[in-house]
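What follows draws every value from the coordinates through simple rules; no lab data is involved. This is a predicted model, so every value here is computed, not measured. Ideal geometry is used to build each Cβ from the backbone, glycine not excepted, and the neighbour counts take in all protein chains shown.
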């Protein structure tokens with residue numbers, strides 16, 4: 001196991017929590033597995049991330065989902081690919097109250113499938129989904145992220 005892979009989960013779990021947009025919104029990575037294929041993020045409700053009607057601000061709910069699918073893929077696929085977020089949608093299902101969380105996971109098999117697809121085609125743009133859930137497990141919002149991949153070797 002490379003040193004990069006060994007410590008990526010530790011760095012993601014702790015380092016990103018001090019990034020300005022996350023720190024200001026109250027977003028926190030609470031777990032990243034050792035293979036760096038699964039990341040769990042929480043958003044605690046506070047006075048500065050509530051909207052005018054007293055529930056989670058939609059922008060903070062989206063922000064907690066923004067970088068993780070792309071980050072997992074950049075980590076595993078690296079410098080041989082152009083990887084960037086191309087699009088996103090968020091569908092709000094119910095008001096978010098209290099602490100909400102989301103899990104971002106891409107299996108090693110899916111990462112390999114994407115790598116091969118990007119090598120064999122001009123580009124690929126897979127869509128990933130994540131659900132933001134409240135403490136009772138009820139879905140607060142669903143996010144779809146489209147990530148653009150293109151091999152630099154073509």
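Projected label points at residue 144 and residue 110, each 7 Å from Cα along the beta carbon direction, are separated by 1.5 nanometres.
Across all directions, the average flat footprint of the convex hull enclosing the Cα atoms of region 68-113 is 4.6 nm². Here the gap between residue 97 and residue 122, fully extended at 0.36 nm per residue and compared with their Cα-Cα distance, gives a gain of 4.7 nm.
Looking at region 3-151, I'd like the Rg to Rh ratio, where Rg is from alpha-carbon atoms and Rh is Kirkwood's inverse mean 1/r.
Details: Rg = 15.7 Å, Rh = 15.9 Å.
Here the Rg-to-Rh quotient is 0.99.
Footprinting exposure proxy ranking of 77, 43, fewest other C-beta atoms within 10 angstrom first, gives 77, 43.
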